[in-house]
Amino acid sequence: MQQEQATSSRSSSSGLRLEIKEGMESDEEIRRVPDFVAGEQTGPAASGSHGGAAAAGPSVAGQRKRGRSPAEKEHRRLKRLLRNRVSAQQARERKKAYLSDLEEKVKELERKNMELEERLSTVQNENQMLRQDELIANSIFFNPVKVVTIDLA
């Protein structure tokens, strides 16, 4: 009976295993942790008489840890598994967003690189034409055509 109470609608009825299929549940359902009911209160006040155990010292905390029932240990394990699942999903979403951002940056840089290559080609062509014009101008200026005058008188 305690096992059935400790499981959620996602658990199998034969035990406390979670069988969650990807994409079948909403984020709220994944983050929901089943309440633990084994003769104790549920929620944040569940510690009851153990409320000051952590402040009392390590020996009391050690006794408290050893005194956990198997159902409570399983409940804590399920909570940890759910937290880990949520954390892993968040990490996957962050990674996906990061990779998407990187892909956008790559496309932008490739586009800018193409623009710069076109501009470089244009400037190189213009430079080559100016050099040819300069050679022509210099050949005319420094090698003027010699005008020969013939006196026919």
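The values are calculated or read from the model by the stated rules, or taken from the named source; none is laboratory data. Predicted, not measured: the structure shown is a model, and the values here were computed from it. Positions of Cβ are backbone-derived with ideal geometry, glycine not excepted, and every protein chain shown enters the neighbour counts. SASA here: full protein model, heavy atoms, side chains in, ligands and nucleic acids out. Shrake-Rupley method; radii C 1.70, N 1.55, O 1.52, S 1.80 Å.
Identify, from the list Arg119, Arg85, the residue that is of a type in the set (Lys, Arg), out of contact with any Phe, Trp or Tyr (no Cβ under 9 Å at 6 or more places or on another chain), open to solvent by less than 90 Å² (accessible area, probe 1.4 Å) and part of a helix (DSSP H, G or I).
Being of a type in the set (Lys, Arg), out of contact with any Phe, Trp or Tyr (no Cβ under 9 Å at 6 or more places or on another chain), open to solvent by less than 90 Å² (accessible area, probe 1.4 Å) and part of a helix (DSSP H, G or I) holds for just one of Arg119, Arg85, which is Arg85.
Which condition breaks for Arg119 when tested against (1) at pLDDT 95 or above; (2) more than 36 Å from the chain's Cα centre (by Cα)?
Here Arg119 meets the rest and fails (2).
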